[in-house]
Amino acid sequence: MTVAPILYVAIIYFLAALLLVAAAHKILRGQQFRQSLAGYKILPRSWLKPVSIALALFEALVGVLLLSGASVAIAAVAGAVLFFTYGGLLAYALMSGRGNMGCGCEWGEGPQPIRKWMVVRNLLFTALALFLASASISVAPTIFDIGNAAAAALALFLIQSSLAEIFAISHRIKLIRLGA
């Protein structure tokens with residue numbers, strides 16, 4: 001399906017930013033991410049470090065491929081697989097009664113408990129990546145399109161980050177009210 005260049009580029013920038021920031025988090029806070037990964041109880045302890053490094057590198061690769069423009073459809077499908085897998089892991093943890101462990105997807109100071117909205121968020125990211133994989137543009141984006149797409153992607157990224165922080169704060173407030 002053919003879409004407006006500004007929409008196409010904005011989605012590329014948004015998904016690339018998500019993946020690159022997530023990769024940076026996994027690299028910079030490797031121990032914290034490995035603890036979260038261990039909480040899912042799906043990997044032997046000896047696999048935690050190599051899998052966490054591989055996930056970070058794969059996220060970074062997909063983000064860079066999206067930005068390169070050379071393999072957008074392939075990178076978008078790979079991103080969709082990542083987002084869907086992460087959403088599935090979040091749902092699995094919730095159904096297994098491990099919602100209070102760190103999700104491994106936080107960008108803040110400490111672990112963020114798993115909540116249902118995170119599963120929905122990952123499904124939305126999956127849908128956006130699949131949309132991108134099936135989309136094309138009929139004309140090259142202009143410099144104006146690229147600038148506006150970058151601004152739109154930044155706005156989407158900040159909204160997503162703000163919503164994540166709002167949900168985290170509301171959870172902390174709920175715990176305070178319950179006296180936990």
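With all pairs of different alpha carbon atoms counted, what Kirkwood hydrodynamic radius in Å does the stretch 1-77 show? Radius from the Kirkwood sum: 13.6 Å. Counting only whole DSSP H helices of the chain, the ones at least 27 Å long by C-alpha along their axis and with mean Kyte-Doolittle hydropathy no lower than 1.6 are 5-28, 72-95. Percent of Cα pairs in the chain per distance bin of 5 Å, from zero to the largest separation: 1, 8, 15, 20, 20, 14, 10, 6, 4, 1, 0, 0. When only Cα pairs below 8 angstrom with a gap of at least 6 residues are kept, the chain shows a relative contact order of 35 percent. The residues packed around residue 95, meaning those with a beta-carbon under 15 Å from its beta-carbon, carry a net charge of +4 if Lys and Arg are +1 and Asp and Glu are -1. Can you list the lysines whose alpha carbon is less than 17 Å from that of residue 26, not counting same-chain residues fewer than 8 positions off? List returned: 49.
Across the stretch 49-126, Cα pairs under 8 Å and at least six residues apart give a relative contact order of 27 percent.
Its Cα centre serving as origin, the chain has a Cβ charge dipole (Lys and Arg +1, Asp and Glu -1) of approximately 840 debye.
Read the figures in this text as sums done on the coordinates, not as results from a lab. Quantities reported herein were computed from a predicted structural model and do not represent experimental measurements. FYI the Cβ positions are ideal-geometry reconstructions off the backbone, even for glycines, and counts take in every protein chain you see.
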